[in-house]
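Accompanying notes for the structure given below.
Every number in this text was worked out from the coordinates using simple rules, so none of it is lab data. Quick caveat, the model's predicted, so the values are computed rather than measured. Cβ coordinates were reconstructed from backbone atoms using ideal geometry, including for glycine residues, and neighbour counts include every protein chain displayed.
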Amino acid sequence: MQSTQNSIHGYWSSDRAFFLAATGSAVGLGNIWKFPYITGENGGGAFVIVYMACIIVIGVPVMMAEIMLGRSGGKSPIHAMKDHVKNSDGHNIWESVGWMGAIAGAIILSFYSVIAGWALSYTFLSAKGGLANINGDGAGQLFSQLLSSPGSLLIWHTVFMTMTMTVIGYGLKRGLEQAIRIMAPWLVVLLTLLAIYSVLYASYADSLLYLFSFDFSKLTTESVLVAMGHAFFTLSIGLGAIMTYGAYLPKSASIPKLTISIALADTLIALLSGFIIFSIVFSNGLEPSSGPGLIFQTLPVAFGNMPFGRLFGTAFFLLIVLAAWSSAISAVEPINAWLVEKYGITRLKSSLISGIPVWIFGVGTLLSFNIWSEYKIWGKTFFGVVDFLASNILLPLGGVLIALFTGWIMQKSISRAELKIGNRMFIGWMFSLRYVAPILIIAIFINIVGIF
Ligand code: PHE
């Protein structure tokens, strides 16, 4: 039996290109938009600790497993898992990792695109000077205006979906690799400048206190589930996105080193974003727990009142768009790789076939901020439900299956050859996949029953 297969889709041009693409997938709205607001909703420091623990104990081992399954499979997750299951005489149930992940990716993109649309709209608003001298109330009104207009939301959602599916159409090397090379350094430069701004002009000490003071009494069972779900969401794991990127990884690259670098970069950027946003929140008397609108109501206040704010503001929202773009692509790449493998169609066709249903589904999310805002299931809007279903149910479930499959079913000779790590590290990794990650995920799952 052959232990590794070649990808028909080609390979990243270097380890660095993979690192940038995978970090581009990991770093997105999850870091800049979601992490700060869920930290705000879940009480601050204690939540941050649980989230970081989930990244280390569950996220890193599962991510290593996913990249390994991708590289040794050399195909889209649906086909790669089929091959892996066949080669290890496993039960068909394990193949569901591929299918479930493809569905989770489509669901995530459907709401991701709506939120990225908000950032697009703010990019133009800022460029036109629409944020000049704005205060907390003004920023709040501007944001409600956007949300209450299904027409504008639809336009921005459509623009973002078109951008995403165009890159998918062009393929990875010509589209994605190039784009990420250019935007990654800018993201770092702008975040650093905003961090300096926070220290000089905003309540940075309160922000640090909020992020790093641990009051565990504020932590609920649902907060723990949200923290774990977010660990999966932010690393883009549990749905086959990173597995697909792994399929294009040159055989010589070190999976453990890359995984740790990606997880580190992702966590640092999330913390830095939280630090910046809470500094601005506290210096403007805003509420940290104001939900999904948090960054759209806080950052404009800073940009509207700082020197060169129009320029910084425009650049910052544009970078959110770029960060979201590089993540969005990875969410639908698994389905596209599968369509190309299975039906031999062009990437342009596959991008239309996968993009249109996602675009339609996204309309549900955009309506849940206006016309449908009163319709609730389990106390959540349509957007709340799809986000909860994908991030907190499907991704962790995919993660458990990936951990258990790699830990118990797959031949160790294959994973050992792929990872090329020492015996002690390999045993530690196996232990985590066999026991630690699944037990923790299942225990947290069982607890959610209490939420409903
Ligand atoms: N990791 C991305 C973020 O944090 C979200 C994402 C999840 C992207 C799953 C692709 C797949 O924004």
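Values as computed for the structure displayed
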item: Simple label model, 7 Å out from Cα along Cβ direction - R416 to D137, nm; result: 7.0
item: Listed residue pairs exceeding 27 Å between alpha carbons, taken from K75/K420; K349/K412; K86/K412; K82/K420; K75/K412; K86/K257; result: K349/K412; K86/K257
item: Most to least packed among 382-391, 291-300, 8-17 [average Cβ atoms within 10 Å]; result: 291-300, 382-391, 8-17
item: Relative contact order (%) - criterion: Cα under 8 Å, at least six apart; region: the range 15-449; result: 37
item: For the chain, convex hull volume per residue from C-alpha positions, Å³; result: 132
item: Projected-area average for the range 301-452 over all orientations - Cα convex hull basis, square nanometres; result: 15.3
item: Listed residue (S88, W359, I377) projecting farthest to the positive dipole end of the chain, Cβ model; result: S88
item: The chain - charge dipole about Cα centre, Lys and Arg +1 at Cβ, Asp and Glu -1, debye rounded to 20; result: 1160
item: Whether the range 338-407 is rounded, prolate or oblate, judged on the alpha carbon gyration tensor where a/c under 1.5 counts as rounded; result: oblate
item: Translational diffusion coefficient (Stokes-Einstein; Kirkwood radius from C-alpha pairs) of the range 1-148 at 20 °C, 1.002 mPa s, in µm²/s; result: 112
item: Pair D215, I196: separation of 7 Å Cα→Cβ label points (nm); result: 3.4
item: Distance between modelled label sites at S148 and A205, nm, 7 Å Cα→Cβ extension; result: 4.0
item: Taking all pairs of distinct alpha-carbon atoms in the range 270-379, Kirkwood radius in angstrom; result: 17.3
item: Per-selection Kirkwood Rh - the range 168-246 (Cα, Å, 1 d.p.); result: 16.5
